[in-house]
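The values are calculated or read from the model by the stated rules, or taken from the named source; none is laboratory data. Values in this document were obtained by computation on a predicted structure and should not be read as measured data. Cβ atoms come from the backbone with ideal geometry, glycine included; neighbour counts cover every protein chain shown. The protein model used for the area step is the full one, side chains on, heavy atoms only, and it has no ligands, DNA or RNA in it. Shrake-Rupley method; radii C 1.70, N 1.55, O 1.52, S 1.80 Å.
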Amino acid sequence: MQAWVIGNWKQNPATSHDVNALLDDLLTAVDTEEQVVKNSCRLMVAPSCIHLAAVSVRLKDTSVLCAAQDISAHSANTGAYTGDCSAQQVVDAGATWTILGHSERRQYHQESHECLLQKLTHALTQNLGVVFCIGETQAQYDDKQTLPVIDTQLSVIKDLLAQQPELTASLSERLIIAYEPVWAIGTGKVPTVAEVSATHQHIKQTVAGFADSLDTMTVLYGGSVNVDNADSFAADPMIDGALVGGASLKAESFLAIAEAFSRAMA
Ligand code: PEP
């Protein structure tokens, strides 16, 4: 089995010049460390929509995959939806995956169950893989509501399969779940590895309950993963990789996290 380390660049870097500088660093290092990273850890980066086409051109013929950070809920292709980018458009720009349901989208754009069901459907229709983010807020964590909250968020997948059972066979290849406690994102606070491990076990069991073919679901941890804590997350067999925000904006820290997961897979 391979680990996955995915960089979510969010609304960064500020300029095309800075995007290219980050890619220069990343690709030089990936070339050097090809053997370590390539065989046991897949790498993916998700630039902002404006940089997607340029980044995907530079990543073509490398081992690093390119993802969108979001797609339109309204249409899989074209339409009068000002400001949106569709699944078809991000595929045309070179993305092969998209992040969906990131907590910042849920919080700042009020993304609902129905909205995410639409986005998942559009992504899969256009053959985009989906990194589906779930996770509880600080208040929900304090109230010991983590598992019920993520069960509700995961029910989007159950509803998707009820609507489109034909997706079942191929879904495990095209879906990755990222468990990201909202209170750990960008805060430097992290749950214990034991807590993450137990939550991942629950996620894997829950998704396997939706369909037998989903019994090997890849589940990543996200939330303040950095060079210092990556080894401890990587060492747990329930944690199949990391979705990385801040630390993905420097090639050195991003690749150090990837190496931690590569070592753990070896
Ligand atoms: C994220 O936003 O997906 C994330 C995990 O951010 P950070 O690593 O900065 O906490």
Checklist outcome for this item: Carbon and sulfur atoms account, in whole percent of the 1.4 Å probe accessible area of the chain, for 51 percent
Checklist entry - Can you list the residues, at least 5 places off or on another chain, whose amide H is less than 5 Å from the amide H of residue 241, using H built in the peptide plane? => result 4, 221
Checklist outcome for this item: Residue-normalised 222 nm signal for the chain, counting each DSSP H run of n ≥ 4 as -39,500 (n - 2.57), nearest 500 deg cm²/dmol, is -14000 deg cm²/dmol
Item to check | Set of lysines with alpha-carbon distance to residue 60 below 19 Å, sequence-local pairs under 8 removed | outcome: 38
Next on the checklist: Give the aspartates and glutamates whose C-alpha is closer than 20 Å to that of residue 250, dropping any in the same chain fewer than 8 places away, or say none.
Outcome noted: 18, 24, 25, 31, 33, 34, 228, 231, 259
Item to check | Calculated from backbone phi, Karplus (6.51, -1.76, 1.60) coupling profile of region 237-250 in Hz, x at Gly/Pro | outcome: x, 7, 9, 8, x, 9, 9, 10, x, x, 6, 8, 7, 10
Checklist entry - Hey, how many Å between the Cα centroid of region 213-266 and the Cα centroid of region 124-201? => result 16 Å
Checklist entry - Any idea of the accessible area per residue across region 3-265, 1.4 Å probe, to the nearest Å²? => result 44 Å²
Item to check | Mean Cβ count within 10 Å, highest first, over the residues of peptides 61-70, 242-251 | outcome: 242-251, 61-70
Next on the checklist: Run the reach check for residue 158 against lysines, Cα to Cα strictly under 16 Å, same-chain hits fewer than 8 apart removed. What comes back?
Outcome noted: 119, 204
Checklist outcome for this item: Counting only DSSP loop positions in region 1-91, the chymotrypsin sites (Phe, Trp or Tyr not before Pro) whose Cβ has at most 15 other Cβ atoms within 10 Å are 81
